[in-house]
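Trainee: Provided herewith is a single structure, encoded as structure tokens, for subsequent inquiry.
The values are calculated or read from the model by the stated rules, or taken from the named source; none is laboratory data. The structure displayed is predicted, hence computed values, not measured ones. Glycine also receives a Cβ, built like all others from the backbone with ideal geometry; neighbour counts cover every protein chain displayed. These area figures cover heavy atoms from the full protein model, side chains too; ligands, DNA and RNA do not enter into them. Shrake-Rupley method; radii C 1.70, N 1.55, O 1.52, S 1.80 Å.
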Amino acid sequence: MISVEEALARLLALVAPLEAEEVPLRAAAGRVLARDVTASRTQPPFAASSMDGYALRRDEVEPGAMFKVIGESAAGHRFDDAVKPGQAVRIFTGAPVPEGADFIVIQEDVTRRGDLITLGHDIGEKDNIRPAGGDFAAGDKIPAPLLLRPTDIALLAAMNIARVPVTRKPRLAILATGDELVQPGEEPGPDQIVASNSHGLTAMFEEMGAEVQLLPIARDTAAWLKQAFTLARGADLIVTIGGASVGDHDLVAPVAVELGMEQAFYKVAMRPGKPLMAGRIGTSAMIGLPGNPVSAMVCGSVFVAPMLRRMLGLGDAPAPMRDAVLGVDLPANGPRAHYMRAQIRDGAVHPDTRQDSSLLSVLAHADALLVRPVEDPARKAGDTVRVIPL
């Protein structure tokens with residue numbers, strides 16, 4: 001067996017950052033910016049009013065001063081003439097500030113009769129003007145790589161970026177194996193169960209930005225598996241579920257080797273997830289996950305998610321971890337790293353009392369994995385531990 005850290009290093013070596021493609025701005029949310037983009041305009045492109053009021057000259061602002069209103073400036077419709085001494089222009093939020101004006105008196109501080117306004121006695125010092133380029137200037141950049149959030153999309157739109165260079169979506173093929181499996185909605189036989197791992201992993205990887213091909217369930221014969229691998233041809237990463245152990249019906253590894261797989265490793269010192277294998281078949285990386293549902297989902301978070309981040313150009317790093325306060329006493333850990341399903345309650349992490357790798361209900365209620373290193377000593381409530389948020 002190899003350590004989790006060594007397994008992850010070998011897995012990351014199987015994949016590389018993917019090429020870029022351009023997509024419409026409308027399709028860029030949730031994608032990874034592949035190249036720096038440059039603003040083609042300044043925002044705002046002119047000095048603009050931040051309030052509804054009157055534009056005039058600052059040096060004339062004093063309590064009780066009177067001005068003649070000579071026109072109006074609205075958003076999208078500027079006032080073209082200059083403001084001279086004793087003059088004011090009615091102005092609205094977002095409208096260009098007229099030439100000659102450098103102060104906006106808000107409408108609540110003004111009394112108007114016809115074309116004349118009189119200032120109140122408590123105007124304040126704020127000019128209520130948004131300067132040209134106060135947000136960004138033409139030539140400013142958004143640096144890559146960047147996972148594009150809705151706020152980033154808004155900024156790109158304001159910069160007048162209509163097409164966005166993003167990293168191509170990783171193409172994943174997910175293959176669940178086993179005579180005991182049927183798809184959700186089908187009627188299981190007396191010795192069968194409903195396939196869950198493939199659907200949970202598909203949701204996980206699609207949420208991360210992958211394009212997932214969910215293959216038909218492969219039965220426990222070499223012929224079925226060879227056909228399934230044929231269907232997966234062209235994927236950047238093939239993820240198999242089950243059949244990776246050494247039982248009489250565990251055929252994934254021998255079939256993959258027969259098809260030319262260059263094996264990177266087999267078995268990892270962790271629980272859940274010991275029977276894990278990886279390698280390369282042709283141009284595709286391959287990882288074989290355990291069949292137990294919790295094992296498959298945990299290995300998806302610990303191993304496959306970092307592989308996807310590398311392919312998306314987001315760097316090489318393990319699953320993000322943070323410190324947490326332990327809520328209960330725990331005995332010493334053994335020779336395998338333990339990823340315990342846990343909940344954060346009242347500011348402390350509480351591992352579930354049931355850690356069987358078949359219990360999806362426990363995983364579904366967990367919001368963290370409590371990571372116990374190899375040979376971690378006994379821990380007391382209040383100790384600082386490491387967790388992976390879920």
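Trainee: Once both labels are modelled 7 Å past Cα along the beta-carbon direction, what's the Glu206-Ala332 spacing in nm?
Mentor: Modelled inter-label distance: 4.7 nm.
Trainee: Related question: To the nearest 10 Å², what's Met1's accessible area with a 1.4 Å probe?
Mentor: 130
Trainee: OK, next. Expressed as a rounded percentage, what relative contact order does the chain have, with Cα pairs under 8 Å and six or more residues apart?
Mentor: Details: 886 pairs, mean separation 63.6, N = 390.
It rounds to 16 percent for the chain.
Trainee: Please report the Cα spread of the range 274-390 along all three principal axes, rounded to whole Å, starting with the longest.
Mentor: That gives 49, 29, 27 Å along the principal axes, largest extent first.
Trainee: Okay, moving on. Which three semi-axes in whole Å describe the equivalent ellipsoid of the range 323-390, each the square root of 5 times a Cα gyration tensor eigenvalue, listed largest first? Before the final figure, lay out the partial values.
Mentor: Values: eigenvalues 58, 45, 19 Å².
Ellipsoid semi-axes (Å, largest first): 17, 15, 10.
Trainee: Sticking with this one: Please enumerate, by chain and number, the lysines with C-alpha under 29 Å from the C-alpha of Lys141, excluding those fewer than 8 residues away in the same chain.
Mentor: By straight Cα distance, Lys141 reaches Lys169.
Trainee: Kirkwood hydrodynamic radius, computed over distinct alpha-carbon pairs, for the range 72-125: how many Å, to one decimal? Before the final figure, lay out each step's value.
Mentor: Details: mean 1/r = 0.0838 Å⁻¹.
It works out to 11.9 Å.
Trainee: If you roll a 1.4 Å probe over the range 274-382 with all protein chains in place, what percent of the accessible area is carbon or sulfur? Don't skip to the answer; put the middle values down first.
Mentor: Working: 2450 of 4470 Å².
Here it works out to 55 percent.
Trainee: Continuing with the same structure: Averaged per residue, what accessible surface does the range 295-354 expose to a 1.4 Å probe, in Å²? Mind showing how you got there, number by number?
Mentor: Values: 2480 Å² over 60 residues.
For the range 295-354, the solvent-accessible area averages 41 Å² per residue.
Trainee: P(r) of the range 96-149 in 5 Å steps, Cα pairs, percent per bin?
Mentor: 4, 13, 16, 16, 14, 8, 7, 8, 6, 4, 3, 0
Trainee: Taking each pair of distinct Cα atoms in the range 262-309 once, what is the resulting Kirkwood hydrodynamic radius in Å? Mind showing how you got there, number by number?
Mentor: On the way: mean 1/r = 0.0913 Å⁻¹.
One over the average 1/r among Cα pairs gives 11.0 Å for the range 262-309.
Trainee: Summarise the accessible area of the range 1-129 (1.4 Å probe, protein heavy atoms) by the percent that is carbon and sulfur. Provide the component values of the computation, followed by the final result.
Mentor: Values: 3300 of 6890 Å².
Carbon and sulfur atoms account for 48 percent of the accessible area of the range 1-129.
Trainee: Could I ask something else about it? Taking the Cα centre of each part, how many Å lie between the range 257-296 and the range 34-99?
Mentor: With the range 257-296 and the range 34-99 each reduced to a Cα centre, they are spaced 65 Å.
Trainee: Given the range 221-347 reduced to its alpha-carbon atoms as identical point scatterers, what log10 I(q)/I(0) does the Debye formula return at q = 0.14, 0.17, 0.20, 0.22 Å⁻¹?
Mentor: Log-scaled intensity ratios, in q order: -0.70, -0.95, -1.20, -1.38.
Trainee: Oh, and also: May I ask you to rank Lys84, Lys267 by accessible area, largest first, using a 1.4 Å probe over the protein chains only?
Mentor: Numbers: Lys84 120, Lys267 65 Å².
I get Lys84, Lys267, largest accessible area first.
Trainee: In square angstrom, what is the accessible area per residue of the range 1-58 with a 1.4 angstrom probe? Don't skip to the end; give the middle numbers.
Mentor: Working: 2810 Å² over 58 residues.
Counting only protein heavy atoms, the per-residue value for the range 1-58 is 48 Å².
Trainee: For the chain, what does the helix formula give at 222 nm: sum of -39500 (n - 2.57) over DSSP H segments with n ≥ 4, over the residue count, nearest 500 deg cm²/dmol?
Mentor: Numbers: 8 runs with 67 residues, N = 390.
The per-residue figure over the chain is -4500 deg cm²/dmol.
Trainee: Oh, and also: Over the range 143-269, what per residue volume does the convex hull of the Cα atoms give, in whole Å³?
Mentor: Numbers: hull volume 22.0 nm³, N = 127.
Hull volume over Cα atoms, normalised by residue count, gives 173 Å³.
Trainee: In µm²/s, what is D for the chain at 20 °C and 1.002 mPa s, where D = kT/(6 pi eta Rh) by Stokes-Einstein and Rh is the Kirkwood radius from Cα pairs? Kindly include the intermediate steps, with their values, before the conclusion.
Mentor: Working: Rh = 25.5 Å.
It diffuses with D of about 84 µm²/s by this estimate.
Trainee: Which translational diffusion coefficient, to the nearest whole µm²/s, is obtained for the range 157-211 from the Stokes-Einstein equation, given a Kirkwood hydrodynamic radius over C-alpha pairs, 25 °C and 0.890 mPa s?
Mentor: 173
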